[in-house]
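**Student:** Just passing along the structure, written as structure tokens.
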Ligand SMILES: [Cu+2]
């Protein structure tokens, strides 16, 4: 390839490819835009500090405020502490088909959670609040293991999430909801597993879910990582 | 050899002008791109999302930029719950410094004057009614003394003792007892051999959500800093504490760590574990 004609050809071909690449970029941006407006999808933006040393002395993450709360405006908020080597509380009750906001903190090291059968998945970094918005599409008992190695007791760090149909979700007058068979706050002597509990020994067999398996049991948006969140209200 | 080297041909004026044009166009494209998507990402999208969720435009922009917490597309939950700490000990750098710089000599004097009557010479307690303190970690002793003093943990004998001491004195005593005796050091004695308990102690029981005791209670295990050494401790004391955790009589463990675990154990297991950890002389 030599001479001015050869060069012109090269320039033309470069332009064509540049246009093609530009078109791909624009299609991707258009998709991002579409998702942002219609599905409320966001890039990471939640920067919320929580001092790990004084977490247990702050109102929001004080023991008695942990767990599921229905706020006066009807929204469901779950607050949870991930600590070596347990989740507090270690069982959560949440309604199916309603918007649920999870707020996680850690007073010690990095932990992580995922709720089996859903796309709820986040790291919990000490110093920050990890927040996830989701809607559970199917009811049943799900397991929520810690998925970030956090020390010697990591493998026993598992919580349960009981997703109940919205009409069976009956929070108390204070707006709090607890798992069946779970005493809020202080555990009175209750050796062994209360009746009706999930046999956590079955965890190797995967999530314990009832009803028809759906390919999309929950869609989560996370303030820390973008994911899909269809705008569904109650 | 005959053709001239293309890199050495002098640039014509026209070529130079074309080059400048390219450079300018490229800069404009990049700047335009950043500007358009900056406005889209930080202004238009958050404002549009905020409008759907009932968030005012300015807050939506602040959230998108990351200066205020929350997502521009979701209302942020609020909580005005008053703090109800089960313990007022916070492991801030200031407290850790106080502990590491504490005056052992003062600690020793106070220990001999006040504590030795019950907890024995150098923290080795002859009576099972009083726990050993020798070799206990300074953080554990400090946390418990602080909790007795603040009322988070109550004991008729210990509470008045702790209430009479200052913060500095607590730290000094804690630092002294951590190194007090070579005779008995909590955390160094061998537990009783027992295969079944050994599993619970070193592997836990996933079916009941019980983590291995040694994930926290072994020296240097890496659990919470205030975790006390329990091997070598009097069995009667350990059992009493486990029972108190299980029935809510003692609730100064931050985030219910021990209350949850102890409530999942049977009464028999609590007794056996206490004896196991006391070990053999
Ligand atoms: Cu963990």
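The values are calculated or read from the model by the stated rules, or taken from the named source; none is laboratory data. Only a predicted model underlies this, so the values are computations on that prediction, with no experimental measurement involved. Cβ: placed from backbone, ideal geometry, glycine included. Neighbour counts: every protein chain shown.
**Student:** Exactly one condition in (1) part of a strand (DSSP E or B); (2) within 11 Å of the ligand (Cβ to nearest atom); (3) within 12 Å of chain B (Cβ to nearest Cβ) is not met by residue A:113; state its number.
**Tutor:** (3)
**Student:** Let me ask you something else. Only one of these is at the interface with chain A (Cβ under 10 Å from one of its Cβ atoms) and more than 30 Å from residue B:256 (Cβ to Cβ): B:52, B:76, B:84, B:108. Name it. It would help to see each step written out before you state the result.
**Tutor:** Values: B:76 fails: more than 30 Å from residue B:256 (Cβ to Cβ); B:84 fails: more than 30 Å from residue B:256 (Cβ to Cβ); B:108 fails: at the interface with chain A (Cβ under 10 Å from one of its Cβ atoms).
Within the list B:52, B:76, B:84, B:108, the selection yields B:52.
**Student:** It is to be established whether one or more residues within the stretch B:114-137 are within 30 Å of residue A:81 (Cβ to Cβ) and surrounded by fewer than 22 Cβ atoms within 10 Å (Cβ to Cβ).
**Tutor:** yes
**Student:** Counting only residues that are surrounded by fewer than 21 Cβ atoms within 10 Å (Cβ to Cβ) and modelled with pLDDT of 90 or more, which one in the stretch A:142-153 is farthest from the ligand (Cβ to nearest atom)?
**Tutor:** A:143
**Student:** Another question, then. Checking residue B:149 against (1) surrounded by 15 or more Cβ atoms within 10 Å (Cβ to Cβ); (2) part of a loop (DSSP other than H, G, I, E, B); (3) without any contact (Cβ under 8 Å) to a residue 24 or more places away in the chain, which test does it fail?
**Tutor:** Every condition holds for residue B:149 apart from (2).
**Student:** Same structure, new question: Quick check: anything in the stretch B:230-246 part of a loop (DSSP other than H, G, I, E, B), without any contact (Cβ under 8 Å) to a residue 40 or more places away in the chain, within 11 Å of chain A (Cβ to nearest Cβ) and within 22 Å of residue B:146 (Cα to Cα)? Full working, then the answer.
**Tutor:** As a first pass, look at the stretch B:230-246 and keep what is part of a loop (DSSP other than H, G, I, E, B): B:230-234.
From what is left, the residues that are without any contact (Cβ under 8 Å) to a residue 40 or more places away in the chain are none.
No: zero hits.
**Student:** A further question follows. Somewhere in the stretch B:94-111, is a residue closer than 25 Å to residue B:239 by Cβ and either in a loop (DSSP other than H, G, I, E, B) or out of contact with any helix residue (DSSP H, G or I) (no Cβ under 9 Å at 6 or more places or on another chain) (or both)?
**Tutor:** We begin by selecting, within the stretch B:94-111, every residue closer than 25 Å to residue B:239 by Cβ; these are none.
Checking the stretch B:94-111: not a single residue is closer than 25 Å to residue B:239 by Cβ and either in a loop (DSSP other than H, G, I, E, B) or out of contact with any helix residue (DSSP H, G or I) (no Cβ under 9 Å at 6 or more places or on another chain) (or both).
**Student:** Testing residue A:221 on (1) in a loop (DSSP other than H, G, I, E, B); (2) away from the ligand (no atom under 16 Å from the Cβ); (3) surrounded by 20 or more Cβ atoms within 10 Å (Cβ to Cβ); (4) at pLDDT below 85, one condition comes back false. Which one is that?
**Tutor:** Of everything listed in (1) in a loop (DSSP other than H, G, I, E, B); (2) away from the ligand (no atom under 16 Å from the Cβ); (3) surrounded by 20 or more Cβ atoms within 10 Å (Cβ to Cβ); (4) at pLDDT below 85, residue A:221 misses just condition (1).
**Student:** Turning to a different aspect of this structure: In this structure, does residue B:259 turn out to be within 11 Å of another protein chain (Cβ to nearest Cβ) and in a loop (DSSP other than H, G, I, E, B)?
**Tutor:** So residue B:259 does not fit the description; no.
**Student:** Which ones in the stretch A:85-103 are within 11 Å of the ligand (Cβ to nearest atom) and either at pLDDT 90 or above or not assigned by TED's automatic domain parsing to the domain that holds residue A:142 (or both)? Working first, answer last.
**Tutor:** Step one: filter the stretch A:85-103 for residues within 11 Å of the ligand (Cβ to nearest atom), giving A:85-87.
Of everything in the stretch A:85-103, just one residue is within 11 Å of the ligand (Cβ to nearest atom) and either at pLDDT 90 or above or not assigned by TED's automatic domain parsing to the domain that holds residue A:142 (or both), namely A:87.
**Student:** Taking the options B:250, B:271, name whichever one is buried (at least 21 other Cβ atoms within 10 Å of the Cβ) and at pLDDT 90 or above.
**Tutor:** Checking each option against the conditions leaves just B:250.
**Student:** Considering only residues that are more than 7 Å from every other protein chain (Cβ to nearest Cβ) and assigned to a helix (DSSP H, G or I), look in the stretch B:58-73 and name the one that is farthest from the chain's Cα centre (by Cα).
**Tutor:** B:58
**Student:** A further question on this structure: With respect to residue A:134, determine if the residue is crowded, with 22+ Cβ neighbours inside 10 Å, away from the ligand (no atom under 13 Å from the Cβ) and either assigned to a loop (DSSP other than H, G, I, E, B) or more than 12 Å from chain B (Cβ to nearest Cβ) (or both).
**Tutor:** no
**Student:** Next question, about the same structure. Please verify whether the stretch A:56-79 includes one or more residues that are touching a helix residue (DSSP H, G or I) at 6+ places or on another chain (Cβ under 7 Å) and within 16 Å of the ligand (Cβ to nearest atom).
**Tutor:** The answer is no; no qualifying residue exists.
**Student:** Being touching a residue at least 60 places away in the same chain (Cβ under 8 Å) and more than 8 Å from chain A (Cβ to nearest Cβ) is the filter; apply it to the stretch B:247-256 and report the residue that is farthest from residue A:80 (Cα to Cα).
**Tutor:** Result: B:250.
**Student:** Could I ask something else about it? Which residue pairs have Cβ atoms closer than 7 Å, lie 6 or more positions apart in sequence or on different chains, and pair a first residue in the stretch A:62-78 that is more than 8 Å from chain B (Cβ to nearest Cβ) with a second residue that is crowded, with 22+ Cβ neighbours inside 10 Å and in a loop (DSSP other than H, G, I, E, B)?
**Tutor:** That search, which allows pairs on different chains as well, returns A:66/A:89; A:67/A:89.
**Student:** Does any residue in the stretch A:148-174 that is closer than 27 Å to residue B:225 by Cα and away from chain B (no Cβ under 14 Å) come within less than 8 Å, Cβ to Cβ, of a residue that is more than 10 Å from the ligand (Cβ to nearest atom) and not in a loop (DSSP other than H, G, I, E, B) six or more places away or on a different chain, and which pairs are these?
**Tutor:** Within 8 Å, the pairs are A:148/A:123.
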